[in-house]
Amino acid sequence: VSDALWAQVEAVRRGRRRGGGPRHRGRVDLLSGLLECVCGRRIRSDGTFADGQHRKRHVAPCGAWGERARLHGDLYARKMHGFALRRAGRLDEAAAVLGGCLAEDPQDLVLFRTYVHLQGQRGATEELRRTLEEILPRAGARRGAVFGALRKLPSPGAG
């Protein structure tokens, strides 16, 4: 076996290796094994923080994930809860949950598009405007999409 091929095998094995240790099943992580990053890598559950919130770990963090390999799982749980509320037809509750998530993670494109569409369905243009103006300074690469959504909204005070 060539050295280059063996190096690839070792890299794959290293990426699939999991840490040992006891598993504490007091609080079940409902998202365990179900998350996948936009880059295609699986997101692993990685224990809990001191406050009991689940951690999520990206083995090889990409640009979409961010710099840190581990993140709080609470945001993901709230996003999934908001999407479930939307599917259940509870639009007002879904808008409140997803708006809070968007304020925390303004660069999530799927969340952004879902929230804009949801607020359009509800006719809540002023609430949408406030949220978009709030996230604009932190929108990063999504700044153009936020500006575009703001431009499509009717002017304030127009009926």
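The values are calculated or read from the model by the stated rules, or taken from the named source; none is laboratory data. All values derive from a computational prediction rather than experimental measurement. Because the Cβ atoms are built from the backbone with ideal geometry, glycine has one as well, and the counts that use them run over all protein chains shown.
Quick rundown of the values:
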| item | result |
| --- | --- |
| Hey, G47 at pLDDT below 70, under 30 Å from F83 (Cα atoms) and either in contact with a helix residue (DSSP H, G or I) (Cβ under 8 Å, 6 or more places away or on another chain) or surrounded by 10 or more Cβ atoms within 10 Å (Cβ to Cβ) (or both) or not | yes |
| All helices (runs of 4 or more DSSP H) inside the stretch 69-159 with 3 or more residues being of a type in the set (K, R) and either in contact with a helix residue (DSSP H, G or I) (Cβ under 9 Å, 6 or more places away or on another chain) or on the phi > 0 side of the Ramachandran plot (or both) | 74-87 |
| One residue from L98, L102, L85, L109 being closer than 24 Å to R41 by Cβ and surrounded by 17 or more Cβ atoms within 10 Å (Cβ to Cβ) | L102 |
| Selected residue (only one of R68, R13 is modelled with pLDDT under 70 and out of contact with any strand residue (DSSP E or B) (no Cβ under 6 Å at 6 or more places or on another chain)) | R68 |
